[in-house]
1. Would you check which residues across segment 31-45 are among the polar types (S, T, N, Q) and within 7 Å of ligand 2 (Cβ to nearest atom) and list them?
2. What are the residues in segment 542-561 that are assigned to a loop (DSSP other than H, G, I, E, B) and either touching a Cys at 6+ places or on another chain (Cβ under 9 Å) or farther than 16 Å from Ala510 by Cα (or both), if any?
3. Failed condition for Lys10, given (1) more than 16 Å from ligand 1 (Cβ to nearest atom); (2) part of a loop (DSSP other than H, G, I, E, B); (3) surrounded by fewer than 21 Cβ atoms within 10 Å (Cβ to Cβ), with all others met?
4. Mind telling me which of the residues Ile41, Ile28 ends up being within 16 Å of ligand 1 (Cβ to nearest atom), surrounded by fewer than 20 Cβ atoms within 10 Å (Cβ to Cβ), hydrophobic (A, V, I, L, M, F, W, C) and on the phi < 0 side of the Ramachandran plot?
5. Can you name the residue in segment 80-102 that is among the charged types (D, E, K, R) and part of a loop (DSSP other than H, G, I, E, B) and, of all such residues, is farthest from Lys205 (Cα to Cα)?
6. So in segment 150-194, with the set limited to residues that are among the aliphatic types (A, V, I, L, M) and in contact with a strand residue (DSSP E or B) (Cβ under 7 Å, 6 or more places away or on another chain), which one is nearest to ligand 1 (Cβ to nearest atom)?
7. For segment 507-517, what are the residues that are more than 11 Å from Leu486 (Cα to Cα) and surrounded by 12 or more Cβ atoms within 10 Å (Cβ to Cβ)?
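Taken together, the values in this text are just the output of simple stated rules run on the coordinates, not laboratory data. Computed from a predicted structure; not experimentally measured. Here the Cβ is made from the backbone with ideal geometry for all residues, glycine too, and neighbour counts use every protein chain on show.
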Amino acid sequence: MVEIELDGQKVEVAEGSMVMHAAEKAKIYIPHFCYHKKLSIAANCRMCLVDVEKAPKPMPACATPVTQGMIVRTKSDKAIKAQKSVMEFLLINHPLDCPICDQGGECQLQDLAVGYGGGSSRYQEEKRVVAPKDVGPLISMEEMSRCIHCTRCVRFGQEIAGVMELGMSHRGEHSEIETFVGHTVDSELSGNMIDICPVGALTSKPFRYKARTWELSRRKSVSPHDSTGANLIVQVKNDRVLRVVPLENEAVNECWIADRDRYSYEALNGADRLTRPMLKQGGQWQEVDWQTALEYVANGLKQIKDQHGAAAIGALVSPHSTLEELHLATALVRGLGSDNIDHRLRHAEFPRYEGVRWLGLPIAALSQLQRVLVVGSDVNSRILDWRDRTTCVLFGDGAGAVVLQVTEEPGGLLSFVLGSDGSGAELLWVPAGGSRTPASRDTVEQRQHYIKMDGPAVFRFATTIMPEALLTALDRAGMSPQDVDLLIPHQANIRIINGARRRLDIREDAVFTNVDRYGNTSAASIPVALCEAIAEGRVHRGSNVAMVAFGAGLTWGAAVWKWNT
Ligand code: SF4
Ligand code: FES
């Protein structure tokens, strides 16, 4: 441990800590922008300059390591003068649009400008203007002139989300935060960049101009979207949820949440939601008042009970209901004399559960594990830095199982692409059996329960999307098709494989297939083919292995690996 004197107070911190860490421990506030406790230190805003005894000039607290006996003043004339000077520089280019800025009221720059900014600007020249960028439906980069180049958003992508989607291009006053040419921000954790942007450069598209922060009331909540139970703050105005942000909880989600936790509130106010009771009369839906609707339902239930007995009544309740809703539904059904109530809507089997077993590990302990068997989770889903538990645990969709292992060696999964646009929904379908056309004698007699496929269209789709997806993945890995040592495609059919290979201009002997032995065995054939390729000595340490697959439903994916075992 090292002891320093900070504003006259003795503080002890671990060796290697920065002055900023000592200040946090002593609860002394040092103004800052680029420093964030969960990110690496960039030290590029210079707002945290402090006065270190014997140092000739002010030093950045976030990047100055503590030394035994160091004396630091954060509020001396020298420190304050330095901090005010930095603020003056930052405000040179920052637009004075606080009155219309979404960040107004919760902006670090706005707050610090009150304490450290001047009453007027000495800058007479033109301010710089940064062109807006469209990076997708969730994050707005309309007002990038507000950016102060702290690079928090860039570091977040690299270090927490595990996928670098934003970077800083150009130099000096031409510096700009941008996505890689033409790309959108797609990470499933992208909304966290809005939270950590200390100014209003990155804002939430769905929330923009909906409310000022001081108009919102706040409620604590827990995410219902997965088993992580991320802690949330739900922000409400006029009885409408307008924003959801993380509630910091070190034991669960730290200070991050997944985009689905952040943005799914939009469905609450969706235009296609049923908000008024309706009754179907004469084949037509009619809006009615609550009294009429409730009487109708009560009479219907009573009639069924009288005619067929209480056991003829049953209730299926959405598992997304609140405990209170589930309790009331149970009380209603039991009150009618029936025990038929369930929430397992999509289960085909009903073994005796004793609840979901706890594996004996708190979420926070996941980051200490060396090997993890993940079952039923889409670990490739834009999550590369799985060592970071925040990215590992926030997602729970998909299928399959995979063992993840920590390694210090470079390589492993370099890039991947996953896609689905729904455009091929009509190419592969089962006409009956779903909620749109329930099974009936007619549907069975008309053979509507067999899969139908538009084969030529699926063929065209596969031979187009496979090269496209793979080229994108190779591009992200900084490679070209010629760098691929082994391509393991979806073992669909040999014409599709050859069509895709020719478009990619990859040698025939660089493609591994086993379709001649097993036929088309779906995208799951890739791991089988990979194991066989390894057994046949086709994959070596350092090999560039590419994989590509499609689903005729229509989805696609590609991954590029540097084999390092
Ligand atoms: S966009 Fe925001 S978080 Fe990113 S560098 Fe600019 S100010 Fe920092
Ligand atoms: S917070 Fe220290 S330089 Fe930015």
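1. Correct list: Asn44 only.
2. Here is the first cut: in segment 542-561, the ones assigned to a loop (DSSP other than H, G, I, E, B) are 542-543, 552-554.
Within segment 542-561, Ala552, Gly553, Leu554 meet the criteria.
3. (2)
4. Ile41
5. Of segment 80-102, the ones among the charged types (D, E, K, R) are 81, 84, 88, 97, 102.
Retained after the next criterion (residues that are part of a loop (DSSP other than H, G, I, E, B)): 97, 102.
Values: Asp97: 18, Asp102: 10 Å.
Applying the filter and picking the extreme gives Asp97.
6. Top of the filtered list is Ile177.
7. If the condition is that a residue be more than 11 Å from Leu486 (Cα to Cα) and surrounded by 12 or more Cβ atoms within 10 Å (Cβ to Cβ), then Asn514, Val515 are the ones that fit.
Per-residue answers, yes or no, for (1) within 14 Å of Gly136 (Cα to Cα); (2) within 18 Å of the chain's Cα centre (by Cα); (3) away from ligand 2 (no atom under 16 Å from the Cβ); (4) in a helix (DSSP H, G or I):
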position: His149; (1), (2), (3), (4): no, no, no, no
position: Phe156; (1), (2), (3), (4): no, yes, no, yes
position: Glu173; (1), (2), (3), (4): no, no, yes, yes
position: His183; (1), (2), (3), (4): yes, yes, yes, no
position: Glu188; (1), (2), (3), (4): yes, yes, yes, no
position: Met193; (1), (2), (3), (4): yes, yes, yes, yes
